[in-house]
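Only one structure is covered here, and it is reproduced in the block below.
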Amino acid sequence: MGGAAVNRAYIRRAIDAADLNAVRLALYQNTGDPALAALPLAPKMSEQQRESLKQQAVTWLEVNASPARLPEPDEAKLRELMCLATGEELGDLEFEARREQTAFKDFPFLARWQSVPPAIPADFRVVIVGSGFSGVVMAVQCDLLGIPYIVIEKGDEPGGTWNINRYPDVRVDTTSLTYELSFEKDWRWDEYFGRGEEVRTYLRHVSRKFGVFANTRFNHSLTSASFDEARGKWLLDVDTPQGPERMEASVLVTATGLFANPKIVDFEGRDNFKGEIVHPARWPAQLLLEGKRVAVIGNGSTGIQMVSAIAQQASHTSVFQRTPQWILPRDKYGQPMEPEIHWLMDNFPGFWNWARYMAGAPLFDTHALVCTDPEWQAKGGKVNPVSDAMRGDLAAYIERETGGRRDIIDRVLPDYAPMSRRPVVDNGWYRALVRDDVELVTDPIERFSAKGIVTADGTERELDVVVTATGFDVVKYLWPAKIHGRNGLEIHDMWEAADGPRAYIGSMVPGFPNMFMLYGPNSQPVSSGPAQSTWFTIWSAFIGRCLIKMLSEHASTVEVTQQAYEDYNKALDVEAQNLVAMTKEGGVEKNYYVNNDHGRLQVNAPWYGPVFQKMFADPDWGALELRKEAAPAD
């Protein structure tokens with residue numbers, strides 16, 4: 001038996017704790033037993049079928065457990081396995097979009113040379129701004145292509161938003177298996193939803209393992225960038241520990257992310273407050289809450305995540321709710337990942353692949369949930385059958401978690417459809433609200449006083465610490481750096497003169513050649529795709545394909561055309577009108593992912609996930625212009 005010295009009872013505990021669908025798929029891939037293919041999905045299996053499958057898996061593992069990795073099956077077999085995974089036939093679009101989520105390849109999704117690569121000019125270099133997940137992935141993409149790069153990072157370690165968010169109980173709100181990067185196959189998470197500290201440790205590990213760390217300049221902050229048209233280069237002004245520095249880049253990739261600039265509250269009297277005001281992204285390492293009166297302003301993902309932990313420390317907690325949120329329960333949230341599951345991942349060939357695939361499967365078919373169904377609405381429905389059913393289920397969840405407390409339920413129950421905003425995961429928030437030492441406040445905040453906060457009804461609550469869980473300014477893309485393209489055009493001025501930040505497929509802007517954004521405007525998919533970390537890989541691969549095209553054709557610049565930019569954004573606006581988020585029923589006026597001044601979506605991409613993914617995997621080269629503006633260096 002390979003791996004750890006374990007007995008049958010240990011293996012049985014592992015199988016009992018595992019996703020049974022992943023067990024079935026891995027066992028079928030290893031054995032080819034047609035009886036396994038004939039089984040239904042785990043929720044529909046009879047108790048006898050479940051027990052038989054478990055016994056078969058345990059018996060096989062007793063003899064065949066091994067750290068070996070399975071190669072990717074041929075296309076027909078892979079398609080069969082993927083259909084078995086979800087119990088439905090896959091269209092070609094869906095198959096192509098999801099096949100690399102199985103992660104049998106060494107570097108899923110990333111672009112590779114399909115022929116002998118050309119000589120890369122001696123002065124060709126990519127500069128990546130930011131060393132969070134997307135920046136690290138982009139660096140790995142460059143390395144795969146043999147393209148010189150450096151990363152500049154304003155912090156002192158990799159991590160991106162995880163470096164600045166260190167508040168109580170910070171963790172991922174998607175499963176760790178879907179948050180990880182598919183080309184690092186050996187990491188085993190401590191918990192099913194990784195804590196912030198482990199996420200930082202993970203990203204440092206990936207950065208070091210794949211050579212990114214050595215090519216990263218830490219404590220380097222981009223202040224401005226300008227495109228030198230005569231030379232086809234970006235000139236970067238960077239603050240460094242040694243003072244200002246000028247750098248050059250053939251290609252500039254910004255990986256500064258959506259959650260880089262905290263949104264700071266500015267209520268009247270703020271400066272008069274004698275206590276401490278803290279934003280979660282600037283959490284003091286030595287802040288002690290024991291015995292203190294604490295307020296938490298905001299109930300988005302961060303506010304929901306921290307309240308329970310704060311309430312366990314503070315003498316009293318006031319929860320200031322602005323807009324009610326639909327808050328979802330997640331199975332195994334906060335639970336450790338069993339050592340037996342780690343053993344399966346290390347010793348059951350294919351299990352890690354299918355466990356990850358199944359963890360992401362609930363995201364595959366969510367597009368109907370976020371779109372309106374006019375026929376359903378004409379019959380009296382609110383949005384569509386699935387959304388309305390989900391609303392009922394979540395309302396029942398609130399009832400259970402609050403013990404039927406109408407004084408709480410009536411104030412926390414949203415009046416808009418679920419999934420019309422970014423979903424929030426419950427971390428004991430509802431249960432915290434029923435504690436004797438926790439108060440839910442829904443009256444608007446009027447001002448700070450010297451002693452605390454005064455609400456619109458005139459009530460003053462005395463406080464020691466105010467936590468402003470008010471999120472990030474999600475449309476401050478690239479801020480605060482000044483980015484000047486052709487003819488000196490500054491990108492923020494361009495956006496502000498129109499209707500806010502826009503880009504072609506979230507990545508490119510006309511007039512700014514050789515510049516790509518990761519997590520740019522309207523790049524966050526609204527539904528039916530892989531988890532966010534996989535999108536970082538998909539976006540980076542698109543940039544990789546553009547680099548391949550440039551170098552293969554000896555072009556010095558690549559740039560989206562004005563027409564393609566305009567056509568894409570017009571189509572985006574039309575597609576967005578199908579989303580419940582853009583309707584009154586979806587709470588459009590309360591959604592900060594919507595630009596209500598201009599009536600348009602400003603963060604999400606409205607497309608069905610596989611359609612959006614294909615735009616990156618199969619670029620429309622007619623939308624891009626390649627030029628030979630500067631002679632390549634010898």
Handout entry: Dimensions (Å) - region 345-459, Cα atoms, principal axes, largest first
Key = 61, 49, 28
Problem - Fraction in percent of alpha-carbon pairs per bin - 20 Å, the chain - result: 17, 50, 30, 3
Handout entry: Surrounding net charge for residue 592, when Lys and Arg each add one and Asp and Glu each subtract one, Cβ distance under 10 Å
Key = +3
Exercise for the section: Would you mind computing Rg(Cα) / (2.2 N^0.38 Å) for region 126-255, counting N as its residues? Expected result: 1.13
Problem - Amide N of region 208-245 lying under 12 Å from the label point, which is placed 7 angstrom from the Cα of residue 187 along Cα→Cβ - result: 208-210
Practice task
May I ask for the distance between the Cα centers of region 121-194 and region 411-427, given as a whole number of Å?
Solution key: 29
Handout entry: Virtual spin-label span in nm between residue 197 and residue 376, 7 Å along Cα→Cβ
Key = 4.3
Exercise for the section: Tell me the label-point distance for the pair residue 76, residue 574, using the 7 Å Cα-to-Cβ offset, in nm and rounded to one decimal. Expected result: 4.1
Practice task
Compute the separation of the alpha-carbon centres of region 36-71 and region 461-531 and state it in Å as a whole number.
Solution key: 47
Handout entry: Accessible area of region 101-238 divided out per residue, in Å², using a probe of 1.4 angstrom
Key = 35
Fill in the blank from the handout: Restricting to Cα pairs under 8 Å and 6 or more apart, the percent relative contact order of region 279-394 works out to 17
Handout entry: Rg in Å to one decimal, and Dmax rounded to a whole Å, for region 240-345 via C-alpha atoms
Key = 20.2, 57
Practice task
Find the Rg to Rh ratio for region 554-599, where Rh is the Kirkwood radius over alpha-carbon pairs and Rg uses the same atoms.
Solution key: 1.21
Practice task
Write down the radius of gyration of region 159-216 and its Dmax, each obtained from C-alpha positions, in Å.
Solution key: 11.4, 32
Problem - Sum of -39500 (n - 2.57) over DSSP H runs of 4+, divided by residues of the chain (222 nm, nearest 500) - result: -10000 deg cm²/dmol
Exercise for the section: For region 107-187, would you read off the P(r) tail past 17 Å as a percentage of all alpha carbon pairs? Expected result: 59
Fill in the blank from the handout: Quick calc: nm separation of the 7 Å Cα→Cβ label points for residue 246 and residue 590 -> 5.3
Completion exercise
A chain fully extended from residue 447 to residue 264 at 0.36 nm per residue, minus the present Cα-Cα distance, gains in nm 64.4 nm
Handout entry: Efficiency of FRET between residue 562 and residue 221 - r from beta-carbon atoms, R0 35 angstrom, step 0.05
Key = 0.65
Practice task
Quote the charge dipole size of the chain about the Cα centre in Debye, to the nearest 20; the model charges only the Cβ of Lys and Arg (+1) and of Asp and Glu (-1).
Solution key: 760
Completion exercise
Given pairs 154/185; 590/614; 44/77; 292/476 and cut-off 25 Å on Cα-Cα distance, the over-length ones are 154/185; 590/614; 292/476
Handout entry: Solvent exposure, largest accessible area first (probe 1.4 Å, DNA, RNA and ligands not counted), of 436, 16, 499
Key = 436, 16, 499
Completion exercise
Nearest-0.05 FRET efficiency for residue 276 and residue 487 at R0 = 45 Å, using Cβ-Cβ distance, is 0.40
Practice task
Percent of Cα-Cα pairs per 5 Å bin, from 0 to the last occupied bin, for region 493-634, please list those.
Solution key: 2, 9, 18, 22, 18, 14, 8, 4, 2, 1, 0, 0, 0
Practice task
Work through the residues other than residue 93 whose Cβ is under 12 Å from its Cβ and net out their charges, Lys, Arg +1 and Asp, Glu -1.
Solution key: -1
Handout entry: Protein accessible area in the chain, 1.4 Å probe - carbon and sulfur %
Key = 50
Exercise for the section: Could you give the DSSP H helices of the chain that reach 27 angstrom or more along their long axis (alpha carbon positions) and whose average Kyte-Doolittle hydropathy is no lower than 0.0? Expected result: 532-552
Handout entry: Shape call, region 435-548: gyration tensor on alpha carbons, a/c limit 1.5
Key = prolate
Practice task
Answer rounded, prolate or oblate for region 52-177, using the Cα gyration tensor with square roots of eigenvalues a ≥ b ≥ c: rounded when a/c is under 1.5, else prolate when a/b is larger than b/c, else oblate.
Solution key: oblate
Handout entry: Sorted peptide list for 577-590, 397-410, 75-88, criterion being average Cβ within 10 angstrom, highest first
Key = 577-590, 75-88, 397-410
Exercise for the section: Note the per residue figure in Å³ for the convex hull of the C-alpha positions in region 302-403. Expected result: 167
Fill in the blank from the handout: Counting only DSSP beta bridges with both partners in the chain, the antiparallel fraction in percent, to the nearest 5, comes to 45
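The values are calculated or read from the model by the stated rules, or taken from the named source; none is laboratory data. The shown structure was predicted, so the numbers you read here are calculated from the model rather than taken from an experiment. When we count neighbours, we look across all protein chains shown, and the Cβ atoms used for this are built from the backbone with ideal geometry, even at glycine. For accessibility, only protein heavy atoms count, side chains too; no ligands or nucleic acids. Shrake-Rupley method; radii C 1.70, N 1.55, O 1.52, S 1.80 Å.
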